[in-house]
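A short write-up of the structure that comes next.
Nothing in this text is a laboratory measurement; each read-out follows from the coordinates by a stated rule. From a predicted model like this one, the values you see are computed outputs, not experimental measurements. So basically every Cβ, Gly included, is an ideal-geometry build from the backbone, and we count neighbours across all protein chains shown.
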Amino acid sequence: MSINQENIIKKTGLLTVFLILLLVIIAFRISYIQIKDGKKYQQMADDIAQKLDTIYANKGNVYSADGSLLATSMFRYEIRMDVATVDDNLLRDSLSALSKKLAQFFGETPDYFKKKIKQAQAEKNRYLFIARNLNYPDYQMIRSFPIFNQGANKGGFITIQNTVREHPFGKIAQRTIGYDDYRGAPGIEGAYAAELRGKNGMRLKQKIAKGQWKPISDFNEIEPQDGKDIITTIDVNMQDIVHHALLKQLLTYNAQHGTAVVMEVETGEVKAIVNLGKTKDSTYYEDRNYAVYEAYEPGSTFKTVSMLIALEDKVIDTAQTVDTAPGYWNVGSKFVRDSDGHNYGTISYARALELSSNVGFAKMIYNNYSQNPKKFLAGIKRIGLDQKLDVPIKGEGAPYFPEPGTKNWSGTSLAWMSFGYGIHVTPLQMLTFYNAIANNGVMVRPKFVKEVSYQNNKKNAIVYPTEIINPKIASDETLAQIKNMLKNVVKKGTAKNIYSPDYSLAGKTGTSKANYWTSNPSFVSSFTGFFPYENPKYSCIVVVHIPYQTSHYGSVVAGPVFQRIAQKIYATTSTVSKVKKGEYTYKSLENKYSKFDEIKKKSNVMPNVKGMPGMDAVTLLENMGLKVQYQGSGKVLAQSINAGTPIKKGNAVYLTNK
Amino acid sequence: MILFVIALLLYMIRAAHRTDELVMKIAKLKKQENELRAEYIALRSKTMRLKMETTVMEAVKDHGLHPAEKPAKIIREELVKQKDE
């Protein structure tokens, strides 16, 4: 017994020692981990349950001048279906209904979807593709379809949201509005990418239930800065008009591409800018910003520049005559020809512009500047046409003018330059020049953006002022002469086909050849000008590149677009004329009226009309339904039915008047 | 004293849970906001396109309507008062 007891005590003692030892080891190990690796493990825990979360800055919007949204960020939805989740019974009962609805929505046959879903069911597909890039109303519609309306867990409805940049107007001004993503950064979106984007913020967050994260502190580690809104100068209505006017001409002439820009004369604000290029299937869309990037040979629209320089240098005056016969002129080894073999004979320089005579202009410039061609080039530089406009939109084409004395200069350069060949400008640069003529010589930079404003604080907007490139491109006298000639181009010159007595257009036609060294040569038909002539409000350029074919003249191809724009603006500018509306209160007149009304009320009793003017009495009685016969024309002296006698419609009554 | 500490502790736990609830609510509302925004933009694009002149022109073409060729003349009345007495 005692041995047994002793044995137990011994064993218990051993066990106790062992347990204590174990405790000590554990305590030691805990302290060791706590002290030595504590920080590391704390960090690991934090990493799992905490994160520095990015707070995305809201990207700014792009607006038109009238407040319409041109570009904004929004959700697009992709829908997939977890077919394996859907209950077999539900699928069996509702598959037909779902397929029918999907078929209606996507324009397929119900069988197509039925087959697709059944196959997915057999394959236990948990991620069957249904549709992508849906807008919210469409997404909502699909969500309400049978099976899908059971939600994610029962109906297997899977939604994936993507933030995309949306252009609510679709194709309208797409290239000018632009974008800023992996494809590049064209247009306004590209130019103002930094402003629009804003800066993302950071915030420390802790993991909580349902996959959500809650902020740990009350402040953000880095505050996000929302992107700013860009308010452009584009007028949506004008853009719409110009877009469709240009599109119509492009389709008519099977053009390769074309551009049209409308600018407000005084401010340089670009109200509409359309760029349309042809696709393989002969439709048109905004593929490139031709107005900004494409430097082309302007052809005859450049004659205005030559005229302006010659007038400013006082080497000619507009009444001076030039002999253009026989319709061509030999310069060096080449011939300058007037279009279609025309022989205009001896005409004034002013008329040479109106008729767009190449011979007239070649003679004018060559004869006056061939000794010192640099003087003519100095004229171009004085205006500023040799410089880029430095518009914010990326990719502006550089103007090109050959320099006398360099290898690019030849004996024919000057003569051909006078009517716009051998040089390059972009449509926007050409328009800026014509705009300056309309703007009393003040050359302003084309403006695409009116202001940049904070999303929720419109007061602190950065407003972009009108920038002046050249305060005076020519004297008032020269400008007045040029304007008058441009008016006559439309009134009795090459563009008389677009003349209208209702609104005064001024401008210049142009036709040149492009890519004539390639297998795909084209005519460039253009028209540049402004309206109304008296007090110019808008300037406009239309440039259309068409394949070689019969009608390629600027006036016929580009002119109508210009005219349509001008006509539209004319038709929407209403005139107000005031007329006087009297409010006369004459007591004497009122008394008479009240007596008349009083009698009229008692329509079943013969009134007393004695003493009333005859015509009044007739009107009164006839209105009561009586047949009136009368003698004389003055006041009523006698009536055949006595006053107070009941009457019926159709009764006859005789009146004797004075 | 102990009771007070316990009360404080309970309040702290409550507050922590409340925060979690708020975070969930914010997430839900945020989602709703985005959805409403998406709906707003989708509908606005539609109305903007509908009100464009060329759309309207196309829509009323069959009724023989087209935009005016000449500007509207607005006649405004001016009131003139006269009495005889």
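Miscellaneous remarks
- Spin-label model, A:THR466/A:LYS314: points 7 Å from Cα along the beta carbon direction are separated by 3.0 nm.
- A:ALA122/A:ALA97 FRET efficiency (R0 30 Å; Cβ-Cβ; nearest 0.05): 0.90
- Relative contact order, percent, region A:394-463 [alpha-carbon distance under 8 Å, six or more residues apart]: 20
- For A:ALA272, the residues whose amide H sits under 5 Å from its own are A:ASP235, A:VAL262, ignoring neighbours fewer than 5 places away on the same chain, with H placed 1.01 Å from N.
- For region A:617-658 and region A:363-430, distance of Cα centres in Å: 92
- With a simple spin-label model that places each label point 7 Å from the Cα along the Cα-to-Cβ direction, the separation between A:GLU451 and A:ASP46 comes to 4.6 nm.
- Shielding by other protein chains, B:15-21, mean Cβ within 10 Å: 2
- Sum of side-chain charges, A:ASN440 neighbourhood, beta-carbon under 14 Å (Lys, Arg +1; Asp, Glu -1): -1
- The C-alpha atoms of the protein assembly as shown occupy a region whose extents along the principal axes are 161, 111, 63 Å, arranged from largest to smallest.
- Normalised contact order of chain A, rounded percent, pairs of Cα under 8 Å and 6 or more residues apart: 11
- Of the trypsin sites (Lys or Arg not before Pro) found in region A:272-363, the ones in coil according to DSSP and having at most 10 other Cβ atoms within 10 Å of their Cβ are A:LYS280, A:LYS314.
- Using the Cβ-Cβ distance between A:GLU590 and B:ILE74 with R0 set to 41 Å, the FRET efficiency works out to roughly 0.80.
- Max mean-square fluctuation residue, GNM over chain B, Cα-Cα springs under 10 Å, options B:LYS28, B:LYS73, B:LYS51: B:LYS73
- For region A:1-99, the Kirkwood estimate of the hydrodynamic radius, built from every pair of different alpha carbons, is 23.1 Å.
- Once C-alpha pairs closer than 8 Å and six or more residues apart are averaged by separation and normalised to the residue number of region A:406-536, the relative contact order reads 19 percent.
- 3J(HN,Hα) along region B:58-74, derived from phi through the Karplus expression 6.51 cos²θ - 1.76 cosθ + 1.60 where θ = phi - 60°, amounts to 5, 5, 9, 4, 5, 7, x, 9, 8, x, 5, 7, 10, x, 5, 9, 8 Hz, with x in place of Gly and Pro.
- Note on A:ASN254/A:ALA209: beta-carbon distance plugged into 1/(1 + (r/R0)^6) with R0 of 45 Å gives a FRET efficiency of 0.10.
- Placing a pseudo-label 7 Å from each Cα along the Cα-to-Cβ vector at A:LEU15 and A:LYS627 gives an inter-label distance of 14.0 nm.
- Within the shell of other residues whose beta carbon sits under 11 angstrom from the beta carbon of A:LYS207, the net charge comes to 0, with Lys and Arg scored +1 and Asp and Glu -1.
- Of the trypsin sites (Lys or Arg not before Pro) found in region A:377-459, those in coil by DSSP whose Cβ has at most 16 other Cβ atoms within 10 Å are A:LYS388, A:LYS394, A:LYS407.
- Euclidean distance of C-alpha centroids, region A:239-254 and region A:24-52, integer Å: 72
- Helices assigned as whole DSSP H runs in chain A whose Cα atoms extend at least 15 Å along their own long axis and whose mean Kyte-Doolittle hydropathy is -0.5 or higher are found at A:2-32, A:88-106, A:236-252, A:358-369, A:373-383, A:427-438, A:559-572.
- Of the trypsin sites (Lys or Arg not before Pro) found in region A:539-642, those in coil by DSSP whose Cβ has at most 14 other Cβ atoms within 10 Å are A:LYS602, A:LYS610.
- Longest site-free stretch - chain A; sites: chymotrypsin sites (Phe, Trp or Tyr not before Pro), DSSP loop, at most 10 other Cβ within 10 Å: A:220-516
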